[in-house]
Each structure stands twice: as structure tokens, then as C-alpha cells.
Amino acid sequence: MRVYDSLVDLMGNTPLVRLHKVTAGVPAQVLAKVEYFNPGGSVKDRIAVRMIEAAEKSGELRPGGVIVEPTSGNTGVGLAIVAQRKGYRCLFVVPDKVAQDKISVLRAYGAEVVVCPTAVSPDHPDSYYSVSDRLAREVPNAWKPDQYSNVNNPDSHYHSTGPEVWEQTEGRVTHFVAGIGTGGTISGTGRYLKEISDGRVKIIGADPEGSVYSGGSGRPYLVEGVGEDIWPATYDTEVCDEIIAVSDKESFNMTRRLAREEGLLVGGSCGMAVVAALRVAAKAAPDDVVVVLLPDGGRGYLSKIFNDDWMADYGFLTTSSDEGLVGDVL
Ligand code: PMP
């Protein structure tokens, strides 16, 4: 029988899909690594399985253990799927800017979720960092993967995403573009691609305007899952050749175009990464191959990015004459 023993066996090995319309007028080809094909619907399945299996090996996670993690949702889903298979409980802490739909998904998988305010500093006792630390100390048999410091986060990309991009492009990739949240994706994938290409592949980080990676102070932005107000250990500050800052407005309008023009219903950090990828591709040579990683699907954002009223309230809605122009984002 052609059967998978578990969903865990289906994590990773996502497809590369060529972008056609949003790339009009751009010389290089732009290929999207579509991470919503993972069983949990996001790139974070990759780190979930590697972090849990490493903790089992080291003895940090024991039978009957409780996984406590601050997560914007996607890491939670990946952890919940792997945890279910292996018999662990999940207790997640999320900031209140995360879409309600995403929180409902975590609860649907059987996880317990604590919601904390976004508008407090990271060292405030109510911040989602502080609350998760407290729970990890107080809950018996708790283990905190800590995707912001766990070396298995970037390592999962070094061992899966990086080799996949290299093999899928038959070594022709010239640029790799990804958003930076924990920095795991860009650090692990970037390190692999640099090593295997002797430094030829350029690594470009995409960052929300205001986040620390592109020189900001952590000023609030609305795109979810990327940008930071602190520098996490999982981000390798040496890996990026360039970091491109992208506004919420540009990110969200590109996210909407990806659904309408490419059939890719994806999240806001995907639109952000594509804006950066198009800027790179616009300056690249015709035989260059730009790979951009799209971390998750768009269903968790229907009431925000894909809702005209929400977009208009923030002044993000562009007039139809603005749309369809690559020049809009260059
Ligand atoms: N986009 C989304 C929607 C995410 O959840 C994340 C993870 N925080 C990222 C992008 C960034 O990935 P990384 O943490 O590997 O930098």
C-alpha cells in the first residue's frame, strides 16, 4: 500500500512554483517555495519536528511532557501535530495582534492558548516572552523549545530547506529571499546555499519597516511572523548580503495580488518577501534565478489582509490604477 505512517513524514519537500504575472517586466525568473504545502500549512513544521526530536534525544522532553512556547500560530500548529503523534500536551502563548482565526486553529488541534498584549515591552511581565518563561518554570514536566534560541530551528533549514532549493534548481539558484522572524529560515537555508555554492548565492532578508533587522527600533507594524524588536540568537547576522525593508502597505497589496494573479492564497509575510524578491529580480541578470520563500497560507488572514474594510481603515487600500504595476513596488 502507498501509505504514510504519519503526517510528520510529509513535512518538508515543498514545491517551487514560478511566478508569472507579478513579475511582469522583471528580467530574472522568480520561483516561489510554497510552504503552505506542509501538513500544518506553514514552514514551521520543519522546525517543529527537528526541535522535538532533538529534545527527546537529549532527555529535555520526556514522555507525558508539556510543550510551552510563545508562537504566532504557525510554530504552534507544527508543534501540535508532532506532539499529538508523540503524546505530548501543548500550551502556547500568543500576542493579541495575531488573527483570531489562527488562535482558533491552535485550539482546534487540542492546544491550550494564552493570549498576551502586543503593546508592552518584551521585558514587561505580561509580554508573551515573559508569560511563556513563567509557564515553562511553573508547569510540571514543561519543556520550552524556544524557537528564538534553539539551534535546531536554523539547523532544520540547513538540513531540509537549503538542500531542497539547491536540488530543485539544479544548482542554478542565484538569489534566495526570505522574511526574517526568528531568523531560522534565512540563517539555515542561507548558510547551506552559501556553503554549497562557494558564496555565489546571494542571501536577501526581507523585513517590515520599523523592525530591528533593517535598522528600526521595533516600532509596531502589522505584518505577522516577521520583524523583531529584539535580536534572537537564531539569526545569523553574517548571513545576509542585503536586507530590504518593506512597508505594511506594500506587503499587504502584494499579498492580495498573489491570490488574484498567481492563485497563491498566502499570508502577509509572503507578500512582503515577494516585494523584496521583485526588487532583487529587477536588478538581476536575465539568467538569474531568484527563489523566494512563502512561509504560510492566507486563510488565517481573511478578516484582515483580504478584507477591504480592514485595509481601508489602515489606509492600505490602493486604487485599482495602482495595481498591476510592478513599478508600484520597485
Ligand atoms: N512568516 C510567518 C508567517 C512566520 O510565522 C514566520 C516565523 N516567525 C516567518 C515568516 C519567519 O520565519 P523565521 O522565524 O524562520 O525567520
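Laid out as a table, the results:
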| read-out | value |
| --- | --- |
| Lysines whose Cα lies under 24 Å from that of LYS57, excluding same-chain neighbours fewer than 8 positions away | LYS44, LYS86, LYS144 |
| Portion, in percent, of the accessible area of the chain that falls on carbon or sulfur, probe 1.4 Å | 49 percent |
| Gyration tensor (alpha-carbon) shape descriptor, region 29-91, a/c threshold 1.5 | prolate |
| Student exercise, the chain dipole from Lys, Arg, Asp, Glu Cβ charges, in Debye to nearest 20 | 640 debye |
| Two-site FRET efficiency, GLU167 against THR118, from Cβ-Cβ distance with R₀ of 56 Å, rounded to 0.05 | 0.90 |
| D (Stokes-Einstein, µm²/s), Kirkwood Cα radius, region 140-271, 1.002 mPa s at 20 °C | 139 µm²/s |
| Value of [θ]222 nm, deg cm²/dmol, for the chain, DSSP H segments ≥ 4, -39500 (n - 2.57) each, nearest 500 | -10500 deg cm²/dmol |
| Directionally averaged projected area (convex hull, Cα atoms, region 185-235), nm² | 3.8 nm² |
| Residues of the chain: accessible area per residue with a 1.4 Å probe, Å² | 42 Å² |
| Cubic angstrom per residue, convex hull over Cα atoms of region 91-139 | 54 Å³ |
| From the C-alpha gyration tensor of region 133-209, square roots of 5λ in Å | 31, 14, 8 |
| Kirkwood-based shape ratio for the chain, expressed as Rg/Rh from alpha carbons | 0.95 |
| Cα-centred dipole magnitude for region 150-200, charges only on beta-carbon of K, R (+1) and D, E (-1), debye, nearest 20 | 160 debye |
| R0 of 35 Å, Cβ-Cβ distance GLU53-ASP101: FRET efficiency to nearest 0.05 | 0.75 |
| Charge dipole magnitude, Cβ of K and R +1, D and E -1 - region 20-109, Cα centre, debye nearest 20 | 120 debye |
| Cα convex hull of region 1-146, projected area averaged across orientations, nm² | 12.2 nm² |
| Whole-angstrom gap from region 1-48 to region 270-316, using each part's C-alpha centre | 15 Å |
| Positive dipole terminus of the chain, leading residue within PRO117, HIS157, ILE243 (C-beta point charges) | HIS157 |
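The values are calculated or read from the model by the stated rules, or taken from the named source; none is laboratory data. What you see is a predicted model; the values in this text were computed from it and never measured. Don't worry about glycine lacking a Cβ; one is built from the backbone with ideal geometry, like all the others, and counts go over all protein chains shown. Ligands, DNA and RNA are stripped out before the accessible areas are found, and what is left, the full protein with its side chains, is counted by its heavy atoms. Shrake-Rupley method; radii C 1.70, N 1.55, O 1.52, S 1.80 Å.
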